[in-house]
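Have a look at the structure below, then the notes.
The values are calculated or read from the model by the stated rules, or taken from the named source; none is laboratory data. None of the values given here were measured: they were computed from a predicted structure. In this analysis, Cβ positions are derived from the backbone assuming ideal geometry, glycine residues included, and neighbour counts consider all displayed protein chains. Ligands, DNA and RNA are stripped out before the accessible areas are found, and what is left, the full protein with its side chains, is counted by its heavy atoms. Shrake-Rupley method; radii C 1.70, N 1.55, O 1.52, S 1.80 Å.
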Amino acid sequence: MSDKASVSSARDAEDRERHPLAMETLVSLCAARGFIYPSSEIYGGLAGFWDYGPLGVELKNNLKAFWWRRMVRERDDVVGIDSAIISHPRTWEASGHVEGFSDPMVDCRTCKRRFRADQIEGERCPEAPKKRAITDCDLTESREFNLMLRTELGASVDESTTAYLRPETCQAIFSGFKRVRESARQKVPFGIAQIGKAFRNEITPRNFTFRSREFEQAEMEFFCHPSESEKWFAHWREERLQFHRDLGFDESLLRTRPHAPDELAHYARAAEDIEFLFPFGWQEIEGIHDRGDWDLTRHTAYSGKELAVTNEHTKERFTPVVIETSVGIDRTALALLIAAYRRERLENGEERTVLHFHPALAPIKAAILPLSKKLAEPARAIQKNLRKHFNVFYDEAGNIGRRYRRQDEVGTPFCVTVDFDSGDDGCVTVRERDTMEQKRIPIEGLERYLRDLLEEGL
Ligand code: GAP
């Protein structure tokens, strides 16, 4: 039953730069094992849209649950909401998105393709990559292209019915600020968090899910006194870095990068990105922004509703400033897959593919594997008990080695084998994914044993 092996997998940043994981390898694994695949695949897919399969949705849900626990449940000073995706159209005038949320765009007059003007330097023409660079194509002048996706509300189609699918989730936090503060009996400083879909009509969606047109954000807006913005910015920068370390990202795969003044978004006074080392280079997974009083001041002006607060001790009246933490769930899920992926050579000369997820994030926590189909009944009984607590998977098909390999490939941290001794000694064998070590554990204490290991370090 044992497949104990030596593991050659010291993967630091240097190693990754020398042997980058080919994105195609990961994209195929994700499709084949049901993590992520193109949306509307049978119609040829739709650029920038992706579907999460049975394992992908579990991974994403685990990631979101961990974020919610860290950012909302474990804190007294942050509360959560879940707002509508479509807000009053005035919201996006107030937020500055109607006027200023755009990327520079050029069109190729020959092939009619559209490119982001600031991303064509050094890129080859997709129609004739051997012949010319995009900059040598017959391009139009660069012009601004608003990234918000428009839709129409109601039956008649005119300007007054135009609405937008939100390009960031936070605006409803600002427009609902007074309601949430009063109903949750919070006082500044405090934060409001939410997880939800956002939409951007990206000109060139690329790098698998990295730049999508529909994606999820987990955002937290922390409202504080203007004199405390630097303190809270430093606090949240540290908290958020720790979150990524706790996800299991090695220090060598993470870095922070402050924004230069000319790259700041229209709402930000200061910003710092948390970046991850993807196979296609260092890229942002989270932004920490000092949004100043931009949002509350603008919503006050556009709605006519006062959003300032009063300090009940000093009686000072002020508009809170906002420190924002905004992480992409899809980008982080992609980073988790990349960081977890390894090909390992075993002692017997075979190779295995493993996803070394933190057990708490793994889509399947334990696979229940009866050694023979004759042991289905006791194995099903164990599954029935464990599935009340975690996502478990039952598999009785194929030899045990092949079943282990299948679970390694999707990152299942524990395989629970039921054998012919289990009926006599009341024990099962638990095989651990990373070390491949096996231990005999009493069935009675199995749930507790797994739970302790699943939560280790979080
Ligand atoms: N409310 C602030 C805001 O939206 P942002 O830097 O534009 O800030 C925050 O976005 C995060 O959302 C990014 O760090 C990234 O993880 C994610 N994100 C942004 N655009 C994305 C896209 N097109 N596809 C996938 N994720 C995206």
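The heavy atoms of Arg342 offer some 50 square angstrom of accessible surface to a 1.4 angstrom probe. Rounded to the nearest 10 degrees, the angle from helix 376-386 to the longest Cα principal axis of the chain is 30 degrees. Please give the calculated 222 nm ellipticity per residue for the chain, where each DSSP H segment of at least 4 residues contributes -39500 (n - 2.57) and the sum is spread over every residue; nearest 500 deg cm²/dmol? Taken over the chain, the calculation gives -8000 deg cm²/dmol. Taking 0.36 nm per residue of sequence separation and removing the Cα-Cα distance, the Arg124/Lys187 pair yields an extension gain of 17.3 nm. Pairs of Cα atoms nearer than 8 Å and 6+ residues apart set the relative contact order; for the chain it is 15 percent.
For Leu46, the residues whose modelled amide H falls within less than 5 Å of its own, excluding neighbours fewer than 5 places apart on the same chain, are Ser39.
Average accessible surface for the chain: 48 Å² per residue, computed with a 1.4 Å probe over protein heavy atoms with every protein chain in place.
Taking GluC sites (Glu not before Pro) in DSSP loop states with no more than 14 other Cβ atoms inside 10 Å as exposed sites, the chain has its longest site-free stretch at 142-305.
Normalising the average separation of contacting C-alpha pairs (under 8 angstrom, six or more residues apart) by the number of residues puts the relative contact order of the stretch 327-390 at 20 percent.
Remark: for residue pairs Lys187/Lys315; Lys60/Lys197; Lys197/Lys365, the C-alpha separation exceeds 19 Å in Lys197/Lys365. The stretch 307-324 and the stretch 167-193 have Cα centres spaced 13 Å apart. For the chain, carbon and sulfur atoms together expose 48% of the accessible surface, with a 1.4 angstrom probe and every protein chain in place.
A straight Cα-to-Cα reach below 18 Å connects Lys131 with the lysines Lys112, residues fewer than 8 places away in its own chain not being considered. A Förster radius of 41 Å, combined with the Cβ-Cβ distance separating Glu74 from Lys373, puts the computed FRET efficiency at roughly 0.40.
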